[in-house]
Amino acid sequence: MSVTGRPAKPVRGTVVERLGGLARRRPAAEREASVVEVTDKSPPTVFQAGESFRLERLPVGSRVVYPPPPMKGLADVESGIAAALDAPHEMDPLDSLLRPGMRLTIAFDDLSVPLPPMQLPDVRQRVIEQVLERAYRAGVEDIHLIAALAIHRRMTPAELRRTVGSAVFDAFHPDRLYNHDAEDPDGNVELGPTSDGEPVTLNRRAAESDLLVYVHVITATLQGGKKSPAIGLGSYRSISAHHNVHSLRHSRSFMDPEHSALHHSAFRQGDVVEAAVPVFHVEATLNNQMYADPLGFLAKPEARWSGREQAIFAGVKRLTDRAPARTRRTLFQRTASPYGVIGVSAGAADAAHEVSLDLCAAQQSVLVRGQADIVTAGIPYISPYNVNSIMNPVLVMSTALGYFFNLYQGKPLVRPGGVLIFTHPVERDFHPVHHPSYIDFYEEVLAETTDPAEVERRFERSYAEDEWYRHLFRTSYAYHGAHPFYMWYWGAHALEHVGEVIFVGGHPEACRRMGFRRADTMRDALEMAEQVVGRSPSLTHFHCPPLFYCEVE
């Protein structure tokens, strides 16, 4: 189903053509428009640094890569959802799949997407309400809703209510609306190995359903497709088949599924899932309108800020510079973003996902010619794993070397042996309820070694099978015992690729514990980088957020 409401042919590019030649076929000049060269007249560049901002003057001749402006969202999201359900890709309309007496399960992505959370109503609520309306009309009574957590922490009742809406929450929670439990021995079933021998497990309720409707929120090419049920409704045993050092080192990159070993493995698992239970996918793709007014200018090049916008930024920076850390954290965590829904696709996994990939490319792709000796970036206050929580040092590493480094297709933005410089305070601060195994990982494992392969070999199994971590994961709001290991492996490719990682403003002890250097100022960091890459290096600043990725030639 395309954004026009008509069935789309299962051929790459049909949706792109209806969008007016956007996505992967955009002219090179248009995809390069977000790359700006620094001159002696350029204003300082804004770097995000956790819950605050830094102003830095980059060397003349540096490149700054900005996110493309947000695409316009659908004028009528409800009609877009209805059209997708009524005319899906390579499947019959949803109404024709529903019947009295069937077991229907609706699974949905958890709060790890989007970042920050979207302004209400959440698009998952909108999709779920329309699916339920059709189910009721067809006489379906046996309906369960499951938050597809993988091995993330459980969502609180308030977080579930915010995601699915009060009406759905009140009607289904807690008996028929609940979190997936990846460690429930009776609640998960073995579906058999993939063609490559990877184990596949699935939530029992989903596996024994007559139809599984999976509701995706797509903000990056990493997300969505047939891998999502296999991961989101999987277990540690099945997820460990691809969240390991070997697979993550051979994913080039996470934003390029065709060259990602992670995706290849998870797609094979998805094939097994889809052979066991009919899956109807619904993918809602969002634009990158992360900042609400009056802060929308933060996504624009600084040279285009008006006088009023400069004054607003000065006030915001003054506030964040002076406010206590707890106040800043609370302020940022309460921020919701006015994302627009730029497309809804439904039906068979691969065909529906092609629409999302093309929409992501249309919104996010920036063409960058050539790699750089040094890449700089500001790391924000949030990652997929600290929503309503704290950005601990391990999550800073994962965000910087896992997510930001991998925001590319083709080649990494930084050359082999180059230097990555990030701004973030890297505070040794942990949420004791959400991240108990992270605390021990930081204190015990990283004190012994930072090598991902050695970390995996020596320590992962004991944390994954620890009964206390398992108890906290199942009964409290803690991430799985193995989760900090996966976040460390997430940066494994970057650790092999680059020659040095420097955090400007980073806590000395935390940076040292993780094996990184730190500097007080950007100037100091650049001088340190020249010791690695030589004098007069090329420099590119990756001006994220909002989210985008680079097609590096």
Matching helices (runs of 4 or more DSSP H) fully within segment 431-536 where at least 2 residues are farther than 30 Å from residue 184 by Cβ, among the hydrophobic types (A, V, I, L, M, F, W, C) and in contact with a strand residue (DSSP E or B) (Cβ under 9 Å, 6 or more places away or on another chain): 492-497, 508-514, 522-533
Among (1) within 27 Å of the chain's Cα centre (by Cα); (2) touching a residue at least 40 places away in the same chain (Cβ under 8 Å) - the single one residue 209 does not satisfy: (1)
Residue match in segment 118-133 (condition: in contact with a strand residue (DSSP E or B) (Cβ under 6 Å, 6 or more places away or on another chain) and part of a loop (DSSP other than H, G, I, E, B)): no
Helices (runs of 4 or more DSSP H) within segment 253-344 that include 3 or more residues among the aromatic types (Phe, Trp, Tyr) and modelled with pLDDT of 95 or more: none
Looking only at segment 80-92, and only at residues there that are assigned to a loop (DSSP other than H, G, I, E, B) and either surrounded by 17 or more Cβ atoms within 10 Å (Cβ to Cβ) or in contact (Cβ under 8 Å) with a residue 12 or more places away in the chain (or both), the one that is nearest to the chain's Cα centre (by Cα): 88
Segment 192-224 - residue that is touching a Gly at 6+ places or on another chain (Cβ under 7 Å) and within 25 Å of residue 103 (Cβ to Cβ) and, of those, surrounded by the most Cβ atoms within 10 Å (Cβ to Cβ): 216
Yes/no for residue 190 being acidic (Asp, Glu) and out of contact with any helix residue (DSSP H, G or I) (no Cβ under 6 Å at 6 or more places or on another chain): yes
Positions within segment 377-397 being out of contact with any strand residue (DSSP E or B) (no Cβ under 8 Å at 6 or more places or on another chain), more than 21 Å from residue 66 (Cβ to Cβ) and either part of a loop (DSSP other than H, G, I, E, B) or of a type in the set (D, E, K, R) (or both), in sequence order: 383, 384, 385, 386, 387, 388, 389, 390, 392
Those residues of segment 61-111 which are aromatic (Phe, Trp, Tyr) and within 30 Å of residue 42 (Cβ to Cβ), in sequence order: 66
Enumeration of residues in segment 438-471 that are touching a helix residue (DSSP H, G or I) at 6+ places or on another chain (Cβ under 6 Å) and within 17 Å of residue 181 (Cβ to Cβ): 464, 469
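Residue-by-condition table, conditions (1) out of contact with any Cys (no Cβ under 9 Å at 6 or more places or on another chain); (2) of a type in the set (Gly, Ala, Ser):
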position: 187; (1), (2): yes, yes
position: 203; (1), (2): yes, no
position: 209; (1), (2): yes, yes
position: 217; (1), (2): yes, no
position: 220; (1), (2): no, yes
position: 229; (1), (2): yes, no
position: 232; (1), (2): yes, yes
Selection status of residue 249, at pLDDT 95 or above and either more than 23 Å from residue 497 (Cα to Cα) or touching a strand residue (DSSP E or B) at 6+ places or on another chain (Cβ under 6 Å) (or both): no
Any hit, segment 354-362, residues being surrounded by fewer than 24 Cβ atoms within 10 Å (Cβ to Cβ), assigned to a strand (DSSP E or B), at pLDDT 95 or above and among the acidic types (Asp, Glu): no
Residue satisfying condition, being surrounded by 19 or more Cβ atoms within 10 Å (Cβ to Cβ) and at pLDDT 95 or above, within set 3, 64, 77, 60: 64
Residue 283 being among the acidic types (Asp, Glu), without any contact (Cβ under 8 Å) to a residue 24 or more places away in the chain and surrounded by 11 or more Cβ atoms within 10 Å (Cβ to Cβ): no
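The values are calculated or read from the model by the stated rules, or taken from the named source; none is laboratory data. Just so you know, these numbers come straight off a predicted model, no measurement behind them. Cβ sites come from the backbone with ideal geometry, for glycine too, and all protein chains shown count toward neighbours.
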